[in-house]
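**Q** Dropping a structure here in structure tokens format, bear with me for questions.
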Amino acid sequence: MSDAVLEIRGLNVDYGLGADAVHAVRDVNLTLHRGEVLGLAGESGSGKSTLAYGMTRLLPPPGVVASGEVLYHRDGGDPVDVLRMDHAQLRAFRWAETAIVFQGAMNSLNPVHRVSTQLTDVIKAHDPRSTTASRLARARELLALVGIAPDRLDSYPHQLSGGMRQRVMIGMALALEPRVVIMDEPTTALDVVVQRQILRQLVDLRERLGFSVVFITHDLSLLVEFSDRIAIMYGGRIVEEAAAADLYRDPLHPYSDGLLHSFPALRGPRRELTGIPGAPPDLRSMPSGCSFHPRCPRAMERCGVEVPVLGVPGDRRGSDRTVACWLHPVQDNRF
Amino acid sequence: MAVITTTEATPVAAPAKRRRLRFVANPKATTGLVLLGAFAVLAVIGPWIAPFDPSERGGDLMQGPSGAHWFGTTHLGQDIFSQVLVGTRSIMFVGFLAGIVATVLSVLVGVTSGYLGGMGGEGLSALSNVFLVIPALPLIIIITSSLPETTDLTIALVIGLTSWAWNARVLRAQTLSLRRRDYVEAARATGESTWRIILFEIMPNLTAVIASGFVGTVIFAVISEITLAFIGVSVSSGWNWGTVLYWAQSQQALAQGAWWWFVPAGLAIALLGTALSLVNFGIDEFVSPRLRGGGRTSVKTVDGRTVRMRVGFTPVLGDGTAREEKP
Amino acid sequence: MSYLLKRIAFYLFTAWAAITINFFIPRLMPGDPVQALITRARGQMTTDAVQSLYVLFGLDKDESVVEQYFRYLGQLARGDLGMSFTFFPTPVAEVIGDGLPWTVGLVGFTTVLGFLLGTAAGTLVGWRRGSLADLLIPVTTFLSSIPYFWLGLLAIALLTGPDSFFPATGAYDTSLVPGFDLEFIGSVVQHGILPAATILISSMAGWVLSMRNMMVTVASEDYVTVAHAKGLPERRVMVGYAARNALLPNVSGFALSLGFIVGGTLLVEIVFSYPGLGLLLFQAVGAQDYPLMQGIFLVITLSVLLANFLADLAYLALDPRTRREG
């Protein structure tokens, strides 16, 4: 794909080293295209947040990236591998090209600094020659962008509501006009009304500014509504990837199907809420074969033995969707 | 996956037992406990195994360490080794009794004020804050100075009665956060009695805090008792390490180069203090695993350098599997 | 500023409580407090001393406890702490007045400096976790377990002597006339180095440990991760984000433990014969000079309360959450 912004290839992320290592993300391949919203869904412990932290190298110890490539395509230049950058390069790359909005709006802002300080210090770090006045002007602009009155610049985080804090974080993420914004459960702590306001605003901003979004959440119904494509993670692997509409209409992996039936849909025909029996697997002792097979209502003998490969299924030949399930064996190992 | 390191085990089966074992497996805690055990043994058998009566005067005046007198002698020919040995009992007695008294008080005041809230809770909290900011040592000195007589018992009681405030404060804060937890709310909703909730729902979760507070108070009590003896408030109450230092100071041991007179007692204090601190570190690390060191902290990265694992820059391993190239 | 008002009210209440404790302690002892003190002194008390005690306790007149209490408060309000009998007939207030500046200079300076240095060292040790700096921990533990005064004894034994630069006793060369000239100040500094270093070494250790632990805790807060994600320079993340937040509990810990620290540092004065309140307290204990002891207790308590209040102001300046919106 020529319009790829971020390409993840063969990414493995572990907690710990050597024999004790827990493999939290396994062999993930994922491509983010220009201007799209890519949703990443899964239960807690599925590795979706670890994937986000691993690819940005923000995973705290004992997390390590075991192998893989994270290629970032600059405008008109050769792609660079984020995983091969030294600290100085990484620092320069961060926020300027890839910004992140973290889960937990409450704790993402430093409680002892004013909003203005936290908006301007990042501009100063990446553009030391900018003037104080120009940085403040930009900070005011950013707040306006996310619909916050400029007099809030002098506020401390504790003086803002949860929704406002998350808006400030989104404004901050856009400070350096990055081409990728990663959002890790950005609205989980907020009430449903505020949640949708903020996401609606984000989608508008994306249309105006043209950045791409990786949107990570356990709430598949939000993804169906707000994202272009969706990747489903289970046990550290991507088990299905498809356009949002396709996935909603026709989920191929039994796990995707289960996830879709765990949430009431806001639009479209009514579905029966069934949920998924059992609990997510312990990363320390993953089941053999397909890691979902112990919970899968349609498991076969083969599922417990062989790990299914992610690829375009033979029964959906020619589509741009992939799945890793023995119900839909791969016909072509290319995507 | 059979080998689960102590640093990140998530206990699945028999969690209580595993957790207790993990505490003992903590090297800091073990070292501390072993040292502490040694002091406890000395406290019991010290007076029996002491080679001399600590107050008995001998012919060797101000002698350095020798085969007969391991730690040398005083200006009256008393055996310093015996004085330190015999003094251990008083130190351990006062330290632990004061620790127990202060801990009981702090649990009563802290848990009650944290759980009850309202005016009563606020009042108890204010009381512990008052005792916290009043300098403890001068207060202990004026109280013991006005007592008709000072014995190990009265000193332990005075120290215990004046040094509970810190722990009460910590316990109150913990209780305040515990009482808002779901399971406590649930117990209240089902009509369990207040005392049942405090004893069975709240107290078990305070064990580590109480234990750490107890150890802290013992350290404080030991230092206070030694200080009292050293400045002469309680010299008459029998031998302890502070009394040894008091006589060393008042007889100008330093000016006469009699280092053996004050070095052993001081080292004993430092050793006991270290033992207690180590136990406390063990408890701290047991409660908040983040503080634990352990495990490998540096890794070899993909560009062949060895780097330390740290927040903000996840290392990319170099010794990993060959990556499969995709077309 | 309701936070500040609350704190002021609390300190006034504590000051009142300390004064009341001071008043009642001798009276709670069985029998006549003066007789009890005389018994304790084993007949070594002069008649002047006995008389001074009766005046101090208000037992020279026939008054009820309540009357005595209010008269005591009145006395205190006039700065009258009774007569010292070690330095008879100098009033206690005057004796303390001579010693206080030395204590404030030595203990005040070293306590604050020890906190600042310890916090700075703890910041580095906590940030560079898993590096060699962590090996310092056992050493600091051992150092913080040593009583201040014993370290002082050791310093005297090892570093002072006839040929040494460091004097073993006193706060200045007694052959000099105190004044604000270079020679006198130089002498004060020369005498102060060892006691100050003693307090610094043993008080720093505790702050290194607590700051290290706070840094380790704060380093995994979301806002520190965000700071890394923003690509801020390392120094900015360590100081402006991690240390700036880790400092807060350390400052309130500092305020709360002032009472403990001051107690320990007073003993250093004794060891070095430094003419501050600690040495006075030692002399008062030796001579059963009860009025002086009481006076020193009160003055120390009030000083600690004042220091606490200053620490509160510092906290107020450091943590925006305690400030109220205007």
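The values are calculated or read from the model by the stated rules, or taken from the named source; none is laboratory data. Remember, predicted model here, so these are calculated numbers, not experimental data. A quick note on method: Cβ atoms are made from the backbone with ideal geometry, for glycine too, and the neighbour counts reach across all protein chains shown. Surface areas here come from the heavy atoms of the whole protein model, side chains and all, with no ligands, DNA or RNA. Shrake-Rupley method; radii C 1.70, N 1.55, O 1.52, S 1.80 Å.
**Q** Quick check: is even one residue across the range C:78-93 part of a helix (DSSP H, G or I), among the polar types (S, T, N, Q) and surrounded by 15 or more Cβ atoms within 10 Å (Cβ to Cβ)?
**A** Within the range C:78-93, none of the residues are part of a helix (DSSP H, G or I), among the polar types (S, T, N, Q) and surrounded by 15 or more Cβ atoms within 10 Å (Cβ to Cβ).
**Q** Given (1) at pLDDT 75 or above; (2) within 14 Å of chain B (Cβ to nearest Cβ); (3) under 30 Å from residue B:276 (Cα atoms), where does residue C:110 come up short, assuming only one miss?
**A** Checking residue C:110 against (1) at pLDDT 75 or above; (2) within 14 Å of chain B (Cβ to nearest Cβ); (3) under 30 Å from residue B:276 (Cα atoms), the one that fails is (2).
**Q** Could you go through the range A:31-41 and let me know if any residue there is of a type in the set (Lys, Arg) and either facing chain C (nearest Cβ under 10 Å) or farther than 25 Å from residue A:258 by Cα (or both).
**A** Yes, there is a match, as at least one residue in the range A:31-41 is of a type in the set (Lys, Arg) and either facing chain C (nearest Cβ under 10 Å) or farther than 25 Å from residue A:258 by Cα (or both).
For (1) open to solvent by less than 20 Å² (accessible area, probe 1.4 Å); (2) away from chain C (no Cβ under 14 Å); (3) over 27 Å from residue A:46 (Cα atoms); (4) at pLDDT below 85, each residue gets a yes or a no:
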position	(1), (2), (3), (4)
A:120	no, no, yes, no
A:137	no, yes, yes, no
A:150	no, yes, yes, no
A:156	no, no, yes, no
A:159	no, no, yes, no
A:172	yes, no, yes, no
A:184	yes, no, no, no
A:189	no, no, no, yes
A:194	no, yes, no, yes
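**Q** Taking residue B:61, is it touching a residue at least 12 places away in the same chain (Cβ under 8 Å) and under 28 Å from residue C:311 (Cα atoms)?
**A** no
**Q** Let me ask something additional. Going by what's in this entry, would residue B:210 be described as at negative phi, among the β-branched types (Val, Ile, Thr) and more than 12 Å from chain C (Cβ to nearest Cβ)?
**A** Yes, satisfied.
**Q** Given (1) under 25 Å from residue C:13 (Cα atoms); (2) touching a Lys or Arg at 6+ places or on another chain (Cβ under 6 Å), identify the lone condition not met by residue C:231.
**A** All conditions are met except number (1).
**Q** Out of everything in the range A:161-170 that is in a helix (DSSP H, G or I) and of a type outside the set (D, E, K, R), what residue ends up being most open to solvent (accessible area, probe 1.4 Å)?
**A** A:164
**Q** Next question. Find the residue count for the range C:230-243, including only residues that are of a type in the set (Gly, Ala, Ser), more than 15 Å from residue B:313 (Cα to Cα) and within 12 Å of chain B (Cβ to nearest Cβ).
**A** 1
**Q** Filter the range A:95-118 down to residues that are open to solvent by less than 10 Å² (accessible area, probe 1.4 Å), under 30 Å from residue A:73 (Cα atoms) and of a type outside the set (Val, Ile, Thr), then give me how many there are.
**A** Residues in the range A:95-118 being open to solvent by less than 10 Å² (accessible area, probe 1.4 Å), under 30 Å from residue A:73 (Cα atoms) and of a type outside the set (Val, Ile, Thr): 7 in total.
**Q** From (1) of a type outside the set (D, E, K, R); (2) more than 19 Å from the chain's Cα centre (by Cα); (3) within 28 Å of residue C:120 (Cβ to Cβ), pick out the condition that doesn't hold for residue C:202.
**A** (2)
**Q** Being buried (at least 21 other Cβ atoms within 10 Å of the Cβ) and at positive phi is the requirement here; does residue C:206 meet it?
**A** no
**Q** Another question about this same structure. Quick check, is residue A:109 in contact (Cβ under 8 Å) with a residue 12 or more places away in the chain, in contact with a Leu (Cβ under 9 Å, 6 or more places away or on another chain) and farther than 18 Å from residue C:221 by Cβ?
**A** Considered against the rule, which asks whether it is in contact (Cβ under 8 Å) with a residue 12 or more places away in the chain, in contact with a Leu (Cβ under 9 Å, 6 or more places away or on another chain) and farther than 18 Å from residue C:221 by Cβ, residue A:109 comes out as no.
**Q** OK, next. So, restricting to helices (runs of 4 or more DSSP H) that lie completely within the range B:96-204, which ones have at least 3 residues that are open to solvent by 20 Å² or more (accessible area, probe 1.4 Å) and more than 14 Å from every other protein chain (Cβ to nearest Cβ)?
**A** Qualifying helices (runs of 4 or more DSSP H): B:118-133, B:165-178, B:182-189.
**Q** Right, next: Within the range A:13-72, how many residues turn out to be within 17 Å of residue A:180 (Cα to Cα), open to solvent by 30 Å² or more (accessible area, probe 1.4 Å) and of a type in the set (Phe, Trp, Tyr)?
**A** 1
**Q** May I pose another question? I need the full set of residues from the range C:150-179 which are of a type in the set (A, V, I, L, M), within 13 Å of chain B (Cβ to nearest Cβ) and open to solvent by 30 Å² or more (accessible area, probe 1.4 Å), in order please.
**A** Once the filter is applied, which keeps residues that are of a type in the set (A, V, I, L, M), within 13 Å of chain B (Cβ to nearest Cβ) and open to solvent by 30 Å² or more (accessible area, probe 1.4 Å), the range C:150-179 yields C:154, C:157, C:158, C:159, C:168.
**Q** Something else about it: For the range A:97-112, enumerate the residues that are more than 7 Å from chain C (Cβ to nearest Cβ) and touching a helix residue (DSSP H, G or I) at 6+ places or on another chain (Cβ under 7 Å).
**A** Across the range A:97-112, the qualifying residues are A:99, A:101, A:105, A:106.
**Q** Now a separate question. Just to check your reading of the model, which residue among B:317, B:271 is aliphatic (A, V, I, L, M), assigned by TED's automatic domain parsing to the domain that holds residue B:70 and modelled with pLDDT of 75 or more?
**A** Result of the check over B:317, B:271: B:271.
**Q** Of everything in the range B:64-81, what is open to solvent by less than 40 Å² (accessible area, probe 1.4 Å) and among the hydroxyl-bearing types (Ser, Thr, Tyr)? Give them in sequence order.
**A** Within the range B:64-81, B:73, B:74 qualify.
**Q** Let me ask something else. Testing residue B:232 on (1) open to solvent by 10 Å² or more (accessible area, probe 1.4 Å); (2) assigned to a helix (DSSP H, G or I), one condition comes back false. Which one is that?
**A** (2) is the only condition that residue B:232 fails.
**Q** Then there is this: For residue A:259, all conditions in the list (1) more than 30 Å from residue A:32 (Cβ to Cβ); (2) modelled with pLDDT of 85 or more; (3) open to solvent by less than 70 Å² (accessible area, probe 1.4 Å); (4) not β-branched (Val, Ile, Thr) hold save one; what is the number of the exception?
**A** (1)
**Q** Any idea how many residues of the range C:33-56 are modelled with pLDDT under 65 and of a type in the set (Ser, Thr, Tyr)?
**A** So the answer is 0.
**Q** Here are some residues: C:227, C:246. Which one is more than 9 Å from every other protein chain (Cβ to nearest Cβ), open to solvent by less than 10 Å² (accessible area, probe 1.4 Å), over 17 Å from the mean Cα position of the chain (by Cα) and not charged (D, E, K, R)?
**A** Every option except C:246 fails the conditions.
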